[in-house]
Amino acid sequence: MSENQPEDGSKRDFIFLATGAVTAAGAAAVGWPLVAQMGKAADTLAAGSIEIDLSKVAEGQQLKMLWRGKPVFVRHRTPKEIAEAESVDMADLKDPETDDARLVAGPNGAVDPKYLVMVGVCTHFGCVPVGEQGDYDGWYCPCHGSHYDTSGRIRKGPAPTNMVIPPYSFVNETVIKVG
Ligand code: FES
């Protein structure tokens with residue numbers, strides 16, 4: 001298996017791979033395994049951006065990258081996870097946000113609900129939540145017990161707001177640039 005290919009392990013919380021540009025700042029802050037391609041153009045490094053090929057993330061898998069020293073989660077959601085995210089009543093949310101509002105349209109102008117991209121940092125005190133855990137099938141922060149749903153929205157526990165969607169855009173049909 002190439003080091004830049006996802007592992008075939010559906011039960012793994014995270015996979016680590018990089019395509020395209022990765023920031024120097026991000027790689028320097030690695031405290032956990034990360035496969036990264038280095039030696040990119042200086043302007044890319046200065047901009048603090050990363051490019052991620054969504055097509056490399058299989059359904060049900062999550063990619064974790066570092067961006068400006070923070071983990072970024074890229075989850076390829078299953079149809080069940082998407083249905084759960086879309087069916088939530090806004091009145092049930094502490095930080096009301098539709099699932100659609102947390103996604104970015106591709107080059108064709110349409111939003112693909114399969115891919116959720118967010119900063120993987122708990123909005124309580126900054127721990128890194130664990131995927132496919134918690135009462136809402138999304139993420140669970142073990143530090144003080146915050147539960148996030150499959151859209152990364154806070155549902156239970158002390159975190160005040162949803163996990164943050166970073167600024168990103170599509171470079172082409174499958175590649176996004178974060179930052
Ligand atoms: S840091 Fe996540 S619940 Fe406190």
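Scanning segment 110-130 for residues that are away from the ligand (no atom under 14 Å from the Cβ) and of a type in the set (G, A, S) yields one hit, A110. Answer yes or no: is there a residue in segment 117-128 that is free of Cβ contacts under 8 Å to residues at least 12 places away in the same chain, closer than 22 Å to S55 by Cα and surrounded by fewer than 21 Cβ atoms within 10 Å (Cβ to Cβ). No, because not a single residue in segment 117-128 is free of Cβ contacts under 8 Å to residues at least 12 places away in the same chain, closer than 22 Å to S55 by Cα and surrounded by fewer than 21 Cβ atoms within 10 Å (Cβ to Cβ). You will find that of V104, V164, V88, the residue that is touching an Asp or Glu at 6+ places or on another chain (Cβ under 7 Å), more than 11 Å from the ligand (Cβ to nearest atom) and assigned to a loop (DSSP other than H, G, I, E, B) is V88 and no other. Does D135 qualify as being away from the ligand (no atom under 12 Å from the Cβ) and more than 21 Å from H76 (Cβ to Cβ)? Judged against the criteria, D135 is a match. On inspection, Y140 passes the criterion of being in a strand (DSSP E or B), touching a His at 6+ places or on another chain (Cβ under 9 Å), at pLDDT 95 or above and within 16 Å of the ligand (Cβ to nearest atom).
Would you say P96 is farther than 28 Å from K56 by Cβ, more than 16 Å from the ligand (Cβ to nearest atom), modelled with pLDDT of 95 or more and assigned to a loop (DSSP other than H, G, I, E, B)? Answer is yes for this residue. Just the residues that are β-branched (V, I, T) and buried (at least 16 other Cβ atoms within 10 Å of the Cβ), please, taken from segment 67-81. Answer for segment 67-81, where residues must be β-branched (V, I, T) and buried (at least 16 other Cβ atoms within 10 Å of the Cβ): V72, V74.
Scanning segment 145-161 for residues that are touching a residue at least 40 places away in the same chain (Cβ under 8 Å), within 17 Å of F73 (Cα to Cα) and either within 10 Å of the ligand (Cβ to nearest atom) or charged (D, E, K, R) (or both) yields D149, R153, I154. Across segment 86-94, not a single residue is classified as aliphatic (A, V, I, L, M) and within 15 Å of the chain's Cα centre (by Cα). Looking across segment 58-85, the residues that are among the aliphatic types (A, V, I, L, M) and not in a strand (DSSP E or B) come down to A58, I82, A83, A85. If you go through segment 75-102 and pick out every residue that is under 14 Å from V164 (Cβ atoms) and free of Cβ contacts under 8 Å to residues at least 60 places away in the same chain, you end up with 1.
The values are calculated or read from the model by the stated rules, or taken from the named source; none is laboratory data. As the structure is a computational prediction, the values presented were derived from the model and not from experiment. Glycine also receives a Cβ, built like all others from the backbone with ideal geometry; neighbour counts cover every protein chain displayed.
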